[in-house]
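Student: If you scroll down you'll find the structure; I have some questions about it.
Values in this text are rule-based calculations from the coordinates and carry no lab data. This one's a predicted model, so the numbers in the text were calculated from it and none came from an experiment. Using ideal geometry, Cβ is built from the backbone for each residue, glycine included, and neighbour counts are taken over all protein chains shown.
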Amino acid sequence: MITNVTIEKVKGIGYKSFDLEIKENKYNLLVAPNGFGKSSFFAAFDSLRATKMELKDTNVPIGGDNVSCKLSITDNGDTLTADNTSNKLNSRYKICCINCRLTPKAIGRNFGGHVAATGYLGIQEIELSSIPPKAVFGYKYSNMQKYLLQYKKLLNNIEDFFATPAFTHLLDDCYTDLDKLLSKGRQLLIKDVFTKINTLKGTIQHVADLFNDGWLDDIKKQNCYNAVQNYLERMYPHFTNMSELEKFLSIFQIIKLYNEDKTKFKKAVAWADYEVLKMELNAHVAMINTTGRNIVCKEDQNHLILSFPKAHTISNGQRDVMILGVMLKILTVHLTPTKKHILIIDEVFDYLDDANILAAQYYLSVMVNKAIKNGIIVYPIIMTHLSPERFINYAFPQKKLNVQYLKQTTCVPNENVKRMLMKRNDSTIKNDVSCYLLHYSKGEINKRAEFRSLGLKETWGEGTNFLQFIIQEINKYLSGNADYDPYSVCTCVRIRIEKIVCDQLHDNVQKDTFESTHKTVEKLKYAESCGVSVNDIFYLLGILYNDVEHTWSNGIDKPAIYKLENLVVRKIISDI
């Protein structure tokens, strides 16, 4: 679990340390209000390169420089850092960053020496991959046989393995292990197996039948050998049906071919990886392209890119889902158990309609489920300014969603208020709490004994004690005091609105009907039917006072706090 992310001198962040709980293979929802610095958080990760951090001009801090940036991640107590000179994160993580990629562009036209430029909103092309030099492994079965002194035909032919990019494209995960298998001590272990094979007599089939799997025990104790074997079991379908001898001989041939020419071997792996990526991306783009436009992956100056038409020719949802789908496909193709994967999606989900949210969630779930199936660790991070309720009830299954808040708040909800709200539906107090405490009423509550038996603050069960408390809380809020109860503020706003409207009704009959009407919005509609002009803002503030109806236990107070800390919202509340 990632417990801390610290960022220095990136875009709008001078220095910030975020204490979080980012969980593996969960949908980690990072919530923060607009203007807090989500784009700066995203930019820090997006600036990571293989050997260091490189800030784009747009991500250089105002009045700062582009050579002092730093990003640190604490994962299970271990902290790794990247800055402008090094990237130690690269040894442990593969990082993928996704946003909408909108960028201003212009078309220039020359009229008699005068250039006229027409601006338009474009979509930044995605550089999917650099194109490596075309290369092959050069595996020949006859060449491999020369390494066996006798029983050369015992060697199995694995030409199909090296000829199929889908089998070999992730062999770069094995380079370190292959190097370890070339050490003198491990080569002696391999040689010892062949020495024992050479003591056997008979036909090739007879020798294979006589082979003792226990002769491999010593080499199987080597983690590097097991790592290569695990790769083959994962990537090479025929490997699982092989005998232990055939598996050993397959690994032996890979070691030999690697050692013959490491540079050639690595170039062949890079080409295989490119071939697989290009094939899968073209198929994926064709499947998800609903725009009616010819959008394909193409090679351009040693790069495989995906270009989009002008932004106004496709919908925002189509654009965002295509970008998300393509980037997730790249990550899915390169999933490997040798590294952890961090995926950061910046507000893509915030603006999607129903169908596109379903599509986006599908692509994300395919990647996460593949990771879980193969024992791979992925940290999907979805950055948003929306209330978590939207995601919990609409987009993601709650058990797989982990809500975290980037902005720390000093405001702590009052436990007595929360306890009362959570027990407000108890049959002994339900009607009275709703009528006298959570809504405007000329009457007073008389349920002190019931409050005491429920473990609630009993003084709030009689008279106007609760009303006096929430008035104190809203006054603290309006004065700028950070130590206020957000639910008291929201409740006070509701009561204030209802009192203002009720006072404008013409007679006691209308006022009694207003008070007995359930839900604030229905009360306001009733008042309008009686000829009262209700301020539109009273309806809009429902996003605040309705939060009182939804007290969630997992730190879910913060949506209400975020709304209240907006300066415009504070001004609106002060005006009523």
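Student: Over region 444-576, with a single point scatterer placed on each C-alpha, what log10 of the ratio I(q)/I(0) does the Debye formula yield at q = 0.12 1/Å?
Tutor: For region 444-576, the Cα-only Debye profile gives -0.54.
Student: Could you compute the FRET efficiency for Tyr362 and Ile572, with r as their C-beta to C-beta distance and R0 at 51 Å, rounded to 0.05? Could you put the intermediate results ahead of the total?
Tutor: Details: r = 39 Å, r/R0 = 0.77.
Step by step, r from the Cβ atoms, then E = 0.85.
Student: Hey, could you grab the Kirkwood Rh for region 38-97? Inverse mean 1/r over distinct alpha carbon pairs, Å, one decimal. Mind dumping the intermediate values first?
Tutor: On the way: mean 1/r = 0.0846 Å⁻¹.
11.8 Å is the Kirkwood radius here.
Student: Would you pull out the residues with amide H under 5 Å of Cys69's amide H, same chain only if 5 or more places away, H placed 1.01 Å from N?
Tutor: Answer set, sorted by chain and number: Asn84.
Student: Further question on the same structure: Stretched out fully, how many nm does the piece from Met279 to Asn431 gain, at 0.36 nm a residue minus the Cα gap? Present the calculation step by step, with values, prior to reporting the outcome.
Tutor: Numbers: separation 152, 0.36 × 152 = 54.72 nm, distance 6.42 nm.
Difference between extended and current length: 48.3 nm.
Student: Pop a pseudo-label 7 angstrom from the Cα along the beta-carbon direction at both Leu200 and Thr336 and give the gap in nm to one decimal.
Tutor: For Leu200 paired with Thr336, the spin-label model returns 3.4 nm.
Student: Next question. What are the radius of gyration and Dmax of the chain, computed over its Cα atoms and given in Å?
Tutor: According to the Cα coordinates of the chain, Rg and Dmax are 32.4, 112 Å.
Student: With an 8 Å cut-off on Cα pairs and a minimum separation of 6 or more residues, tell me the relative contact order of region 415-575 in percent.
Tutor: With pairs under 8 Å counted, the relative contact order is 20 percent.
Student: Go through 74-87, 170-183 and give me the packing order, highest mean Cβ count within 10 Å leading.
Tutor: So the order, starting with the most tightly packed, is 170-183, 74-87.
Student: Translational D (Stokes-Einstein, µm²/s) of region 1-73 at 37 °C and 0.692 mPa s when Rh comes from the Kirkwood sum over C-alpha pairs?
Tutor: 255 µm²/s
Student: What's the long-distance tail for region 174-279, i.e. % of Cα pairs beyond 23 Å?
Tutor: Tail of P(r) above 23 Å: 34 percent of Cα pairs.
Student: Between Asn4 and residues 5 or more places away or on another chain, which pairs have amide H atoms under 5 Å apart, with H built 1.01 Å from N, and which residues are they?
Tutor: Leu20, Thr74
Student: Using R₀ = 35 Å, calculate the FRET efficiency as 1/(1 + (r/R₀)^6) where r is the Cβ-Cβ separation of Lys23 and Lys519; round to 0.05.
Tutor: So the FRET efficiency works out to roughly 0.40.
Student: Right, something else. According to the Kirkwood expression over distinct Cα-Cα pairs, how big is the hydrodynamic radius of region 364-523, in Å?
Tutor: The Cα-based Kirkwood calculation yields 18.9 Å.
Student: Normalising by the residue count of the chain, find the relative contact order in percent from Cα pairs under 8 Å and 6+ residues apart.
Tutor: Relative contact order, the chain: 16 percent.
Student: If you wrap a convex hull around the Cα atoms of region 312-436, how much volume per residue is inside, in Å³? Mind showing how you got there, number by number?
Tutor: On the way: hull volume 23.6 nm³, N = 125.
Looking at region 312-436, the number lands at 189 Å³ per residue.
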